[in-house]
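Every number in this text was worked out from the coordinates using simple rules, so none of it is lab data. Values in this document were obtained by computation on a predicted structure and should not be read as measured data. Every residue, glycine as well, gets a Cβ built from its backbone with ideal geometry; the counts of neighbours run over all protein chains shown.
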């Protein structure tokens, strides 16, 4: 069995992806509460009860919903986050409130919230057999993290909420079987939107989000370098576009831009805020084309 992932939803209202591996399942980000996550997992073969861990790119509310806190303790789910964020996380009022609430109910868990939060620097293993290398990305004041997941010889590159594409991301994502990257906004739609100036500056200023053009260039560069180093047979089976803005982006624009490269068109998946993707596996035939809401606004 290879690594498989299913994006449960991706956008400013919530982000979460379930990863299935031979020895367990876990989430990358938990931006929907446990009930909503359970509904989105329905029909995937995975339930909340099957989750062993949550791996967080960062702590923005659309990537971690604090309604998870009680479920994390009750189900003993380990939460992996950047080591620099652990202390501040444990001091959040919501964390203290859940701890006090469970104590009042006399709920006794083998591990408390302090023991379930695991800090990482540049490597982690959320479930047995899945090694993850983390890379720091520019996003707002504290940054975000992208990941390269490896299991049984299969590799997945995952990066969202990044203001620009660093060279290290290109290097590490070369040769991945599944490439998932943010494509948040169309430059012209963002520029001419009625959003306030400060928000446009934040998004487009190099430490906010990735534009369609930036994402397209990154994907093409990764494919070019992969083909040059390993041959065309080592190109990804899937290219997955994450965190599309509903106000300043459009599926039509994304399809037109990314389909202009014949290598990308048949393997492109557009994620959506309210609908999950199919399971995306490294073993899925290359010719299969997954297209979500190609003619609809997100």
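A compact table of results
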{"quantity": "Per-residue Cβ neighbour rank within 10 angstrom, fewest leading, 230, 174, 250", "calculated": "230, 250, 174"}
{"quantity": "Rounded FRET efficiency, nearest 0.05, which uses the C-beta distance separating residue 230 from residue 103 and R0 of 51 Å", "calculated": "0.40"}
{"quantity": "Given [x] 135; [y] 220; [z] 127, the label whose value is volume of the Cα convex hull per residue in Å³ derived from this model", "calculated": "[z]"}
{"quantity": "Whole-angstrom gap from region 100-123 to region 19-69, using each part's C-alpha centre", "calculated": "17"}
{"quantity": "Point-to-point label distance, residue 138-residue 94, nm (Cα→Cβ direction, 7 Å offset)", "calculated": "2.8"}
{"quantity": "Under 18 Å from the residue 76 label point (7 Å along Cα→beta-carbon), backbone N, region 116-147", "calculated": "116-118, 126-128"}
{"quantity": "Computed [θ] at 222 nm, helices only, for the chain once each DSSP H run of length n ≥ 4 contributes -39500 (n - 2.57)", "calculated": "-8500 deg cm²/dmol"}
{"quantity": "Antiparallel bridge percentage (DSSP; both residues within the chain; nearest 5)", "calculated": "55"}
{"quantity": "Taking 121, 62 and counting other C-beta atoms within 10 Å, the order from fewest to most", "calculated": "121, 62"}
{"quantity": "Relative contact order %, region 1-152, counting alpha carbon pairs below 8 Å whose residues are six or more apart", "calculated": "21"}
{"quantity": "Peptide ranges 110-116, 124-130 listed from the most packed, as the mean C-beta count within 10 angstrom indicates", "calculated": "124-130, 110-116"}
{"quantity": "Potential extension, residue 252-residue 194 segment - 0.36 nm per residue separation minus Cα distance", "calculated": "18.8 nm"}
{"quantity": "Neighbour-count order for 60, 29, fewest beta carbons within 10 angstrom listed first", "calculated": "60, 29"}
{"quantity": "Spacing of the two label points (7 Å from each Cα toward its C-beta) at residue 202 and residue 221, in nm", "calculated": "2.6"}
